[in-house]
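Only one structure is covered here, and it is reproduced in the block below.
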Amino acid sequence: MKAHATCFGAGTIVNAFATGRGAAFGLALRATAVAVPMPSDYGVQVHVPAEAGPALAEGCARRVLRRSRRKAGLEVSVDSEIPISRGLKSSSAVANAVALACARALGLDLEPDRLINLGVDAALDAGVTITGAYDDACASFYGGIAITDNRARRLLRMDRLPEGLVAVVQIPRKAIPKRSLLEKDFSPIRGEVEEAFHLAMRGDYFHAMERNSAAYARILEVDESPAIRARAAGAMAAGITGAGPAILALTKPAHIEAVSQALADDEAEVRVVSLNAVEAREVPT
C-alpha cells in the first residue's frame, strides 16, 4: 500500500564530532517521504529535491526492502523544507522519514530504534554524516531532547526543553558539506566539548549549547558573533547548530522580534521555528 511518513529536523546542544557523544533537540522543520510498493523488477527508484543526492534515500529504501524479505520494488518520493548542509539535520529527518514510509508500505512493524539504525547506516554509506549522527536521528524521530553515545548507538537520556520556547534560526546561503570536514582535527577542543556534554547530562542545556558553540566556532571557522548578539537581545541560549553555518537561538515569544533582528544578515534567511516533541509515529501525515 502507498504510505506517507513525516519526520522533523533538529538543533544541536552538543556536537558529537569531538567526542562521539552528543545531544540534540527536535525542530518543527518537516521532511516527508511517500513510498509505494512496486513489482520486483522495478527495483528501487527515488525522487528527491534537486539539491539533494539520491544515495541516502535509496540506501534507506533498500535496507528496509531487504529487511522485509519481500519480492518487491519501491518507488520513493521525498519532500523537505529543511535546508541542506546547514546543521539542521536534514539528512536525519529524510532518513527517518524514508525508513518509516518504506516500512509502512511493506507492512513491516519495526521498532523505532531499528528504523533509526537503518537510517544511520544509510547515512554513513552515503557520506552525509561523520559520526553516524545517532543523536540527531533520535531527536528527529522521537522529538524533544536526545542525549546519546553515537559510537555505541546508545540513547543515554531523553528530556524536553522548557515549555514556551521557540527557535530563531539564522540560515546562511552558503552550505558546509560534511565531506569538507573529513580532514578537520577536533582533538584540540575535546576537553571543552566533554564539559559541554556533562552539562547536558546534568540538564543544563543552555550552558551546554553555548559552551559547545564557543568550542566548535574556532575549528569550523564559523562566525559566532550572531549568537552573541542573540543572547544580548534576550535569547535564553544561542549557538552554532551542527557543523553550521546556521546559528540557532532559543527564546521566549516576547523576545522573538529582538532576537530576529540580532540575527538578521543580508547573506542569510531568518526563520522562527517551533520545537518538536512528538514522536514520528504520532505525527499526522
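The values are calculated or read from the model by the stated rules, or taken from the named source; none is laboratory data. What you are looking at is a predicted structure, and each value in this text was computed from that prediction instead of being measured. A quick note on method: Cβ atoms are made from the backbone with ideal geometry, for glycine too, and the neighbour counts reach across all protein chains shown.
Would you be able to say whether some residue in the stretch 114-127 is within 18 Å of residue 34 (Cα to Cα), out of contact with any helix residue (DSSP H, G or I) (no Cβ under 8 Å at 6 or more places or on another chain) and surrounded by 20 or more Cβ atoms within 10 Å (Cβ to Cβ)? Quick ask: steps written out before the conclusion?
Step one: list which residues in the stretch 114-127 are within 18 Å of residue 34 (Cα to Cα), which gives 115-116, 118-119, 122.
With the extra rule that they be out of contact with any helix residue (DSSP H, G or I) (no Cβ under 8 Å at 6 or more places or on another chain), the set shrinks to none.
No: the stretch 114-127 contains no residue that is within 18 Å of residue 34 (Cα to Cα), out of contact with any helix residue (DSSP H, G or I) (no Cβ under 8 Å at 6 or more places or on another chain) and surrounded by 20 or more Cβ atoms within 10 Å (Cβ to Cβ).
Of all residues being part of a strand (DSSP E or B), surrounded by 18 or more Cβ atoms within 10 Å (Cβ to Cβ) and among the aliphatic types (A, V, I, L, M) in the stretch 249-272, which is modelled with the lowest pLDDT? Just the residue, please.
268
Of all residues being in contact with a Lys or Arg (Cβ under 9 Å, 6 or more places away or on another chain) and outside any loop (DSSP other than H, G, I, E, B) in the stretch 222-248, which is surrounded by the most Cβ atoms within 10 Å (Cβ to Cβ)? Just the residue, please.
239
Consider residue 180 carefully, then state whether it is assigned to a helix (DSSP H, G or I), buried (at least 17 other Cβ atoms within 10 Å of the Cβ), assigned by TED's automatic domain parsing to the domain that holds residue 268 and not hydrophobic (A, V, I, L, M, F, W, C). Can you show your working first?
On the way: assigned to a helix (DSSP H, G or I): yes; buried (at least 17 other Cβ atoms within 10 Å of the Cβ): no; assigned by TED's automatic domain parsing to the domain that holds residue 268: yes; not hydrophobic (A, V, I, L, M, F, W, C): yes.
In short, no.
This table checks each residue for (1) within 15 Å of the chain's Cα centre (by Cα); (2) not in a strand (DSSP E or B).
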{"residue": "109", "(1), (2)": "no, yes"}
{"residue": "122", "(1), (2)": "yes, yes"}
{"residue": "125", "(1), (2)": "no, yes"}
{"residue": "128", "(1), (2)": "yes, yes"}
{"residue": "138", "(1), (2)": "yes, yes"}
{"residue": "141", "(1), (2)": "yes, yes"}
{"residue": "148", "(1), (2)": "yes, no"}
{"residue": "156", "(1), (2)": "no, no"}
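Anything in the stretch 34-86 that is acidic (Asp, Glu) and surrounded by 18 or more Cβ atoms within 10 Å (Cβ to Cβ)? List them, or say none. It would help to see each step written out before you state the result.
Step one: filter the stretch 34-86 for residues acidic (Asp, Glu), giving 41, 51, 58, 75, 79, 81.
Scanning the stretch 34-86 gives 58, 75.
Taking residue 71 as the residue in question, decide whether it is of a type outside the set (Ser, Thr, Tyr), assigned by TED's automatic domain parsing to the domain that holds residue 46 and more than 12 Å from the chain's Cα centre (by Cα).
Numbers: of a type outside the set (Ser, Thr, Tyr): yes; assigned by TED's automatic domain parsing to the domain that holds residue 46: yes; more than 12 Å from the chain's Cα centre (by Cα): yes.
Yes: the conditions hold for residue 71.
Which of the strands (runs of 3 or more DSSP E) found entirely inside the stretch 1-50 contain at least 2 residues meeting this: in contact with a helix residue (DSSP H, G or I) (Cβ under 9 Å, 6 or more places away or on another chain), under 24 Å from residue 146 (Cα atoms) and modelled with pLDDT of 95 or more? Before you say what the answer is, go through the steps one by one.
On the way: elements: 3-14, 21-38, 44-47.
Strands (runs of 3 or more DSSP E) meeting the threshold: 3-14, 21-38.
Every residue, every condition in (1) assigned to a helix (DSSP H, G or I); (2) under 21 Å from residue 255 (Cα atoms), yes or no:
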{"site": "175", "(1), (2)": "no, no"}
{"site": "192", "(1), (2)": "yes, no"}
{"site": "199", "(1), (2)": "yes, no"}
{"site": "207", "(1), (2)": "yes, yes"}
{"site": "218", "(1), (2)": "yes, no"}
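Being part of a strand (DSSP E or B) and of a type in the set (D, E, K, R) is the filter; apply it to the stretch 74-88 and report the residue that is farthest from the chain's Cα centre (by Cα).
75
Keeping to the stretch 72-93, report how many residues are in contact (Cβ under 8 Å) with a residue 60 or more places away in the chain and touching a Cys at 6+ places or on another chain (Cβ under 9 Å).
Count: 2.
Which numbered condition in (1) buried (at least 21 other Cβ atoms within 10 Å of the Cβ); (2) small (Gly, Ala, Ser); (3) in contact with a Ser or Thr (Cβ under 6 Å, 6 or more places away or on another chain) is the only one that residue 175 fails?
(1)
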